[in-house]
Amino acid sequence: MLKVLDSLIVALNKLIVLLSTIAIAIAGCILSWEATARYLFKIPSDWQDEVTIFLLVGATFLSCAWVQYSRGHIGIQALAAILSPRIDNARRLISDVLSFLFCTFFTWKSWTLLLEAIEDHQISGSAFGAPLWIPYSCMAVGTSLLALVLVLQILTATAKMLKPHSPVGSIF
């Protein structure tokens with residue numbers, strides 16, 4: 001069961017990373033156009049900043065599960081070097097459990113914000129007036145995927161710790 005879930009997460013993360021990469025590239029192009037249009041051609045803008053923020057929020061939140069899955073976040077390598085592998089794995093497990101608790105709360109609040117934005121037809125306060133369900137949906141989906149990755153890592157680490165004489169190494 002964990003292998004199937006792991007495979008699904010890998011496939012979904014590949015798609016999300018591709019979409020996030022495209023979103024960041026588009027945000028860079030929009031910001032470049034905004035600077036050029038404003039300073040060289042004196043063309044005012046009212047939508048570029050907000051669209052760029054939405055793209056970057058989406059890319060950040062949607063790709064956070066991939067970062068956790070690949071253990072790409074900032075870690076304390078100094079501790080890993082001086083602790084025994086067994087204690088370091090326990091430290092990592094405790095960190096994952098605490099991260100999961102925080103992410104679960106953040107996920108719940110993100111879904112609450114999303115539902116309120118949809119029900120109340122909330123829009124941003126700018127002249128552009130973009131619907132707020134767009135960034136809130138990215139937050140909700142991204143943190144949900146992050147919590148799912150953390151659950152998978154916790155279950156995998158726990159299973160390895162419970163196995164007698166299991167080889168020490170990567171969680172995946």
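The values are calculated or read from the model by the stated rules, or taken from the named source; none is laboratory data. What you see is a predicted model; the values in this text were computed from it and never measured. Don't worry about glycine lacking a Cβ; one is built from the backbone with ideal geometry, like all the others, and counts go over all protein chains shown.
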Any residue at all in segment 45-54 that is at negative phi, loosely packed, with under 12 Cβ neighbours inside 10 Å and without any contact (Cβ under 8 Å) to a residue 24 or more places away in the chain? no
Scanning segment 53-75 residue by residue, those under 23 Å from Glu34 (Cβ atoms) and touching a Ser or Thr at 6+ places or on another chain (Cβ under 6 Å) turn out to be Ala59
- Query: under 17 Å from Thr158 (Cα atoms) and of a type in the set (Val, Ile, Thr), is that true of Val67?
  - Reply: no
With the first residue restricted to segment 67-92 and required to be aromatic (Phe, Trp, Tyr), and the second required to be at pLDDT 75 or above, Cβ contacts under 8 Å at 6 or more apart or on different chains are Tyr69/Ile9; Tyr69/Val10; Tyr69/Asn13; Tyr69/Val149; Tyr69/Gln153
Here the residues within segment 1-52 that are within 22 Å of Leu132 (Cα to Cα) and of a type in the set (Phe, Trp, Tyr) are Trp47
Restricted to segment 64-115 and to residues being of a type in the set (Gly, Ala, Ser) and within 15 Å of the chain's Cα centre (by Cα), the residue surrounded by the most Cβ atoms within 10 Å (Cβ to Cβ) is Ala65
Of (1) assigned to a helix (DSSP H, G or I); (2) over 28 Å from Ser45 (Cα atoms), Tyr136 satisfies every one except (2)
When every residue in segment 1-52 that is of a type in the set (D, E, K, R) and closer than 23 Å to Gly142 by Cβ is compared, the one farthest from the chain's Cα centre (by Cα) is Asp49
Checking Leu79, Leu19, Leu101, Leu12 in turn, the sole residue that is touching a helix residue (DSSP H, G or I) at 6+ places or on another chain (Cβ under 8 Å) and closer than 15 Å to Leu146 by Cα turns out to be Leu12
Those residues of segment 116-133 which are part of a helix (DSSP H, G or I) and either exposed (fewer than 13 other Cβ atoms within 10 Å of the Cβ) or at pLDDT below 95 (or both) amount to Glu119
Residue hits (segment 1-44; aromatic (Phe, Trp, Tyr) and assigned to a helix (DSSP H, G or I)) are Trp33, Tyr39
Flagged in segment 15-55 as at pLDDT 90 or above and among the small types (Gly, Ala, Ser), in numbering order, are Ser20, Ala23, Ala25, Ala27, Gly28, Ser32
